[in-house]
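Scroll down for the structure; my scribbles are underneath it.
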Amino acid sequence: RSKESGSNQFQFYTDDLNKQSLEYLEKETELRQAITKNELFLCYQPQVKLTTGEIVAVEALIRWQHPKKGLLLPMDFIPLAEETGLIIPIGEWVLRTACLQNKAWQDSGFPPIRVAVNLANQQLKQPDLVAMIRNVLQETGLDPQYLEIELTENVLINNIEVINRIHELKEMGMQIALDDFGTGYTNINYLKQIPLNSLKLDKSIIDNIDSNRSDEVIMQAIIAMASSLNFEVLAEGVETQKQLDCLKTVNCENIQGFYFSKPLLSQDIEELLKKPDSFKTQENTYIKAV
Ligand code: C2E
Ligand code: MG
Ligand code: MG
Ligand code: MG
């Protein structure tokens, strides 16, 4: 009898596994088709220069309008894209779409801004990454100075090929930003080797800002370090007036966060670009966009 129930259990277990791998396969197929079925789209979140209130760039952030599940955020499908390798075609689609959009904004006469695109570690490890980006820039006609590449620190560690690739992109005229700064183990030696334009301070650091002066001191130290290496600093995930005031005190250059604006559809970005003073009132205080 125990043998019987044992074999039943085994049966149950394999059925379960089959069901799981079937679901996984289904998800992969759905994601693969999402590109061709036009279910992926980009939102754009403004990056605002603190001293002037002008929009200097927008970060492209991917979304998936799933036919059954509704709107999905990157955390819902980027891990699957990375596991399955679909991040490679999806990443290329993101880059092309963002560059096309930025070129279209410039062609319709808006003041030129940068578009920032997140690159997954897997993309950065592709030997043909530089050729792919060069090709997209050529096809879309976007001047490289208006493209910013965002990468995270961990991909640089012990990877000279990736570091060389970043140098090539920089030499082509792109801007390079280090994303999620302050979340991992930071080795200043890596920072010196990378031709960065900016550090993006992670939201978790910004969230620490309170009335406590020590946070201001830490922020000041990071910004001093960055400026001695000639990097600009952008604070990510800024939501409150208190955070903004602190960042102003320590001369942080750029701000991205819900305080100014959530990620928006391209047509809403256009509304902002039509009014160069979107984020400034006459009293020199900032206003929320949406
Ligand atoms: P990230 O590159 O660090 O992007 C910033 C994330 O913070 C975005 O989340 C943005 O919506 C969110 N955020 C910005 N300001 C605030 C704020 O004031 N408060 C709060 N609570 N959140 C804020 P999102 O769009 O969900 O993206 C999450 C992550 O997914 C991104 O983090 C990036 O690592 C990844 N991702 C997004 N789009 C792409 C893409 O096209 N390719 C790749 N490889 N990764 C992407
Ligand atoms: Mg980013
Ligand atoms: Mg980030
Ligand atoms: Mg992040």
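The values are calculated or read from the model by the stated rules, or taken from the named source; none is laboratory data. Please read these numbers as outputs of a predicted model, since none were measured by experiment. Please note: Cβ atoms are built from the backbone with ideal geometry, for glycine as well, and neighbour counts cover all protein chains shown. Each accessible area value is taken on the protein alone, full model and side chains, heavy atoms only, with ligands, DNA and RNA left out. Shrake-Rupley method; radii C 1.70, N 1.55, O 1.52, S 1.80 Å.
Using a 1.4 angstrom probe, figure out how much accessible area the chain has per residue, in square angstrom, rounded to the nearest whole. Kindly include the intermediate steps, with their values, before the conclusion.
Working: 15080 Å² over 290 residues.
Here the per-residue accessible area is 52 Å².
In whole Hz, with x marking every Gly and Pro, tabulate ³J(HN,Hα) for segment 16-23 from phi via Karplus 6.51 cos²θ - 1.76 cosθ + 1.60, θ = phi - 60°.
Calculated HN-Hα couplings, in order: 4, 4, 4, 5, 5, 6, 5, 4 Hz.
So which chymotrypsin sites (Phe, Trp or Tyr not before Pro) in segment 120-212 end up in coil per DSSP with only 12 or fewer other C-beta atoms within 10 Å?
Numbers: sites: TYR146, PHE181, TYR185, TYR190; in loops: TYR185.
Answer in residue order: TYR185.
Test of the criteria: in segment 234-278, which GluC sites (Glu not before Pro) are in a DSSP loop and have at most 15 other Cβ atoms within 10 angstrom of their Cβ?
Numbers: sites: GLU236, GLU239, GLU253, GLU270, GLU271; in loops: GLU239, GLU253.
Passing both the DSSP loop test and the Cβ count: GLU239.
How large is ³J(HN,Hα) for each residue in segment 64-79, as worked out from phi by the Karplus curve 6.51 cos²θ - 1.76 cosθ + 1.60 (θ = phi - 60°), to whole Hz, x for Gly and Pro?
The phi angles translate into 10, 7, 7, x, 9, 8, x, 6, 10, 8, x, 4, 7, 9, 5, x Hz.
Once amide H atoms are built 1.01 Å from N in the peptide plane, which residues 5 or more positions from GLN47, or in another chain, come under 5 Å H to H?
Here the answer is VAL56, ALA57, VAL58, GLU59, since their amide H atoms fall under 5 Å of that of GLN47.
Using a 1.4 Å probe and counting only protein heavy atoms, arrange LEU25, LEU40 so the residue with the most accessible area comes first.
Working: LEU25 105, LEU40 10 Å².
Highest to lowest solvent-accessible surface, that is LEU25, LEU40.
Taking a point 7 angstrom from the Cα of ASN189 along the C-beta vector, which residues in segment 196-240 have backbone N less than 19 Å away?
Answer for this model: 196, 229.
Compute, for the chain, the length of the dipole vector about the Cα centre, with Cβ point charges of +1 (Lys, Arg) and -1 (Asp, Glu) only. Units Debye, rounded to 20.
Working: 28 positive and 41 negative charges, 38 e Å.
Taking the Cα centre of the chain as origin, the dipole is about 180 debye.
Probe radius 1.4 Å, ligands and nucleic acids left out: which of MET75, MET225 has the largest accessible area, and how do the rest follow? Display every interim value, and only then the final one.
Details: MET75 150, MET225 45 Å².
From most exposed to least exposed: MET75, MET225.
Which entries of LYS49/LYS274; LYS170/LYS200; LYS103/LYS262; LYS103/LYS170; LYS69/LYS103; LYS19/LYS69 show an alpha-carbon separation above 26 angstrom in the structure shown? Walk me through the intermediate numbers first.
On the way: LYS49/LYS274 17 Å; LYS170/LYS200 17 Å; LYS103/LYS262 22 Å; LYS103/LYS170 20 Å; LYS69/LYS103 32 Å; LYS19/LYS69 19 Å.
Violating the 26 Å limit, Cα to Cα: LYS69/LYS103.
How much of the accessible area of the chain, probe 1.4 Å, is carbon plus sulfur, in whole percent?
Working: 7640 of 15080 Å².
For the chain, the apolar C and S fraction of the accessible surface comes to 51 percent.
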